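The values are calculated or read from the model by the stated rules, or taken from the named source; none is laboratory data. Computed from a predicted structure; not experimentally measured. Positions of Cβ are backbone-derived with ideal geometry, glycine not excepted, and every protein chain shown enters the neighbour counts. Remember, those area values only see protein heavy atoms, side chains included, never the ligands or the DNA or RNA. Shrake-Rupley method; radii C 1.70, N 1.55, O 1.52, S 1.80 Å.
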Amino acid sequence: MEQVKERLQKVMAAAGVASRRECEKIILAGRVQVNGAAVTELGTRVGPRDRVTVDGKPLHRKTLRKTYLLYKPRGVVTTMKDPQGRKTVADLMIGLHQRLYPVGRLDYQTEGLLLMTNDGELAQHLTHPSHHVEKTYEVEVKGRVPEEKLDVLRLGVPLEDGLTSPAVVYVKKWDPEQNLTRFTVTIHEGRNRQVRRMCDFIGFPVKSLKRIQVGSLTLEGMKKGEFRELTLEEIDSLEAQVE
């Protein structure tokens, strides 16, 4: 089986050598060797069987970090255990031996894209509002939503925990037969039940809600309940958004 390789500075930071930025400086200074050869390229990747030394001392690595994309169905709790005995996202991650945690959460009745990881640093960065990682939701509500109501979402909604940042809103479809409006909402905040509360404020409670995108990640090619490991390119893209 091919080794899963990660960027050298990330492996060093995970092992507690220094911050990722400081690890980059250590690499550039020629203080790191991989399998006995000095390395000064920041793009270098190492796998679990590669021998890394810093200033001649072996690097003691922590657990290899893993991140997965899960298509969470409705009726599943975004937690690892549920005292009420409901199905959890952990129940969907069949066959994996890593201890994974959800990045943020989707409420019980919301479906869609959820990241699962054992990379605490990445999870913290993705959930911190200062990094502005965009999340797009597909919303369905009863009735035809006037444009001025959608403009409230676009400008910012005064919720009990403060004014929301402006959202990007696009109407996808108005179905007169079913009396339904479908639209997308893109936000970068991660407040509890934020999209539902925003829609409640404008008088159009959510009928169904689905997160369809986080950063550049989408649910393309996936079915409800399925999961897949992120590629190195996808992880690099996520990390670039939060650095």
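Projected onto the charge dipole of region 80-193 (+1 at Lys/Arg Cβ, -1 at Asp/Glu Cβ, origin at the Cα centre), which of PHE183, LEU115, LEU155 gives the Cα projection farthest towards the positive end?
Final value for the positive-end residue is LEU115.
Around GLY203, what is the net charge, scoring Lys/Arg as +1 and Asp/Glu as -1 over all other residues with Cβ under 15 Å from its Cβ? It would help to have the intermediate numbers written out before the result.
Details: positive: LYS142, ARG144, LYS149, ARG196, ARG197, LYS207; negative: GLU147, GLU148, ASP151, ASP200.
Neighbour charge sum, excluding GLY203 itself: +2.
Would you mind getting me the FRET efficiency between VAL168 and ASN192? Use the beta-carbon distance for r and R0 = 35 Å, nearest 0.05.
Values: r = 21 Å, r/R0 = 0.59.
Working from the Cβ atoms, E equals 0.95.
For region 1-154, what % of the accessible area comes from carbon and sulfur atoms, probe 1.4 Å?
49
In terms of Cα to Cα distance under 22 Å, which lysines are near enough to LYS142, apart from those fewer than 8 places away along the same chain?
LYS172, LYS173, LYS207, LYS210
Let me know the charge dipole size of the chain about its Cα centre in debye, to the nearest 20, where only the beta-carbon of Lys, Arg (+1) and Asp, Glu (-1) is charged. Walk me through the intermediate numbers first.
Details: 40 positive and 33 negative charges, 138 e Å.
Computed charge dipole of the chain: roughly 660 debye.
For region 1-142, what does the relative contact order come out to in percent, with C-alpha contacts under 8 Å and a separation of six or more? The partial results should precede the final answer.
Values: 197 pairs, mean separation 25.2, N = 142.
Computed over region 1-142, the figure is 18 percent.
Could you work out the helix-only [θ] at 222 nm for the chain, with each DSSP H run of four or more residues adding -39,500 (n - 2.57) and the total divided by the number of residues, to the nearest 500 deg cm²/dmol?
Values: 7 runs with 56 residues, N = 243.
It comes out at -6000 deg cm²/dmol, rounded to the nearest 500.
Rounded to the nearest 0.05, what FRET efficiency do GLU121 and GLU147 give with R0 = 41 Å and r taken as the Cβ-Cβ distance? Could you check?
Working: r = 42 Å, r/R0 = 1.02.
Efficiency at R0 = 41 Å is approximately 0.50.
Give me the lysines in straight-line cross-link reach of LYS25: C-alpha distance below 18 Å, same-chain residues under 8 apart excluded.
LYS10, LYS57
Once both labels are modelled 7 Å past Cα along the beta-carbon direction, what's the THR40-LEU96 spacing in nm?
Between THR40 and LEU96, the label points sit 4.0 nm apart.
Remind me, relative contact order of region 155-207 in percent, using alpha carbon pairs under 8 angstrom and six or more residues apart? Mind showing how you got there, number by number?
Working: 58 pairs, mean separation 14.7, N = 53.
In percent, rounded to a whole number, it is 28.
Within the set of other residues whose C-beta is less than 13 Å from the C-beta of ARG51, count the net charge using Lys and Arg as +1 and Asp and Glu as -1.
Working: positive: ARG49, LYS57, ARG61; negative: ASP50.
Within the 13 Å Cβ shell, the charges total +2.
Where both partners of a DSSP beta bridge lie in the chain, what percent of those bridges are antiparallel, to the nearest 5?
Values: 47 of 50 bridges.
Roughly 95 percent of the DSSP beta bridges within the chain come out antiparallel.
Enter the accessible area per residue of the chain (Å², integer; probe 1.4 Å; all protein chains in place). Intermediate values should be presented prior to the final figure.
Numbers: 13090 Å² over 243 residues.
Here the residues of the chain average 54 Å² of exposed surface.
Which of (i) 140; (ii) 150; (iii) 166 is the computed volume of the Cα convex hull per residue in Å³ for the structure on display?
Correct label is (ii).
Just want to confirm a number: the relative contact order over the chain, from Cα pairs under 8 angstrom separated by 6+ residues, in percent. Working shown, then result.
Working: 431 pairs, mean separation 46.2, N = 243.
Relative contact order of the chain: 19 percent.
Shape call for region 1-102 from the C-alpha gyration tensor, a ≥ b ≥ c root eigenvalues: rounded (a/c under 1.5), prolate (a/b greater than b/c) or oblate? The partial results should precede the final answer.
Working: a/c = 3.25, a/b = 2.79, b/c = 1.16.
Note, shape of region 1-102 comes out prolate.
Which of the three applies to region 91-200, rounded, prolate or oblate, going by the alpha-carbon gyration tensor with a ≥ b ≥ c and a/c under 1.5 meaning rounded? Write out the running numbers ahead of the final one.
Working: a/c = 2.80, a/b = 1.60, b/c = 1.76.
It is oblate, given that a/c is not under 1.5 and a/b is not larger than b/c.
Find out how many positive minus negative residues lie around ASP175, taking Lys and Arg as positive, Asp and Glu as negative, among other residues whose Cβ is under 15 Å from that of ASP175. If you can, show how the numbers build up before the last one.
Working: positive: LYS142, ARG144, LYS172, LYS173, ARG182, LYS207; negative: GLU138, GLU140, GLU177.
For residues surrounding ASP175, the net value is +3.
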